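Report on one structure; see the data block that follows.
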Amino acid sequence: MGEVHNLKRSVTLMQALGITFHQIVGGGILAILGSAITFTGGGVPIAVVITAIALPLATIPYAALASALPTAGGMYKYAARILHPGVGFLNLGFVVLSQITVGVLGLTAGVYLQSLAGWINPHAVAITLILFFFVINLLGASFSARIGLVLALIMLVGYMTFIVGGFLHVDWAHYPAVLPNGVGGLLQASALLTFVLGGGTFVAELGGEMRNPGRTIPISIIGGTLFAGVLYILLAIPAVGVLPIPEVAGKPLTVVAEQVLPHPLFVFFVIGGGLVASLGTMNSSMTWGTKGLLIAISDGWFPARFGAVNKRFGTPHYLLVAVTVIGLAPVLLGYGIEEIASGVAAFLSIGFIILSGASVRLRRLRPDLFEAASFRLQWAAHLVCAALSVPVLGVTAYLLLTRLSAATLIGLGVWFVACACWYAVRYPRIKDELRQRSRELLGRQPSTKPAHTPVPAE
């Protein structure tokens, strides 16, 4: 079932770092930084520090797992093979749901362009960009990753332009209070920032297309997250330190950029920072977004023809269509970016708790895989990080879910009810095959005992 073997191993370490960088640093930070300011004012840089330290520690077990057993579609496959197929299918629902952020990023790009020309329609921009990257990703992950590296360089220069100009205008004598809404507001901002700082973990979804995944995955996840955290702090300080908080809370960075940059540099920041950042994150999201679905199709969850891979470019064209449709959904339905970011980050936090548990179980059953991995993690440190992930990611999910509107919660409920119904229909048909695949991975031999042992006559 499926054509997973047709995926090409062409993604290098530098290309993976480019994808990780865009997934973390791209348009997401531009979209939610204003909301984070609303929660905690001048405390946003502190919120970044909290997230940038806690999140890598909480996701180290996932990095170790991905290094020990690199694969495409890891968020689904690890949970399905190591824990239970139903848990894997739940994680797959989280991953597919996260693709709606592609549309939100398209809208962010449109909003930034609109600051240059009021006649620009953000919805039209979003639709155009989503369709553009659909075509780009049809040409293959390696080609897509090369584009990501170019976009990353442009974006970094755009951000540095804002940082340098902003620091020259920060009013240090009247820097805003760091805890205007108490510790609760600080934690809310930190939780929201997981939407972007947690994005680096998705590079593991490309494990099946990497030349040296055992080394590339942990470097990309941990190194990319820490580097992005430093950049976020540098962005956040002028974002809150130049203008009064009421003027920047809930607003894009263009409000500050107009005050601190000459017009030519402001235009460059909007294009090189706002537009390119959104493009890069959209690109990387569509690159990894099909991988879990591809593995799930090979497992029999969906008809095999939907997982067809183009043999020339090595890309799953039908699944890219599905990801594109999902990305267009929020553009057409009019969801707000903070609402979508909170929902996606909450459910993915739950997904990473599941993966931490999977990493511990696999290490207990197959220690040989971890001993041979490029990323060496001591057993005690592995357990500590896995234990840490539960409160860190659990509290994050709780804080984010409590901010969702009733309408959004109902929509999410409908999504997961639909997933549960499909699971109930398909699982009985494929459970024996999935159990066998799990046994093969975990080193177990299939049982010779009959499925139904006859009861001896009395």
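The values are calculated or read from the model by the stated rules, or taken from the named source; none is laboratory data. These numbers come from a predicted model, not from an experiment. Note that we place each Cβ from the backbone using ideal geometry, even for glycine, and neighbour counts take in every protein chain shown. Areas reflect the complete protein model, heavy atoms only, side chains present, ligands, DNA and RNA absent. Shrake-Rupley method; radii C 1.70, N 1.55, O 1.52, S 1.80 Å.
Annotations for the structure displayed:
- Compactness of segment 294-345 was expressed as the Cα radius of gyration divided by 2.2 N^0.38 Å, which yields 1.46.
- Within the accessible area of segment 312-361 (1.4 Å probe), percent carbon and sulfur: 70
- Packing here is the average count of other Cβ atoms within 10 Å per residue, and on that basis the peptides 412-419, 185-192, highest first, run 185-192, 412-419.
- FRET efficiency estimate (nearest 0.05) - Cβ-Cβ, residue 57 to residue 374, R0 25 angstrom: 0.80
- On a per residue basis, segment 294-385 carries 43 Å² of accessible surface, using protein heavy atoms and a 1.4 Å probe.
- Equivalent ellipsoid, segment 212-264 (semi-axes from 5 times Cα gyration tensor eigenvalues, Å): 33, 12, 9
- Remark on segment 278-369: hydrodynamic radius 15.8 angstrom, per the Kirkwood mean of 1/r across alpha carbon pairs.
- Chymotrypsin sites (Phe, Trp or Tyr not before Pro) within segment 38-126, DSSP loop, no more than 15 other Cβ atoms inside 10 Å: 119
- Panel values: segment 328-374, Kirkwood radius from alpha carbon pairs, Stokes-Einstein at 4 °C and 1.567 mPa s, translational diffusion coefficient 97 µm²/s.
- In the context of the full set of protein chains, residues of segment 393-445 present 61 Å² of accessible surface per residue (probe radius 1.4 Å, heavy atoms only).
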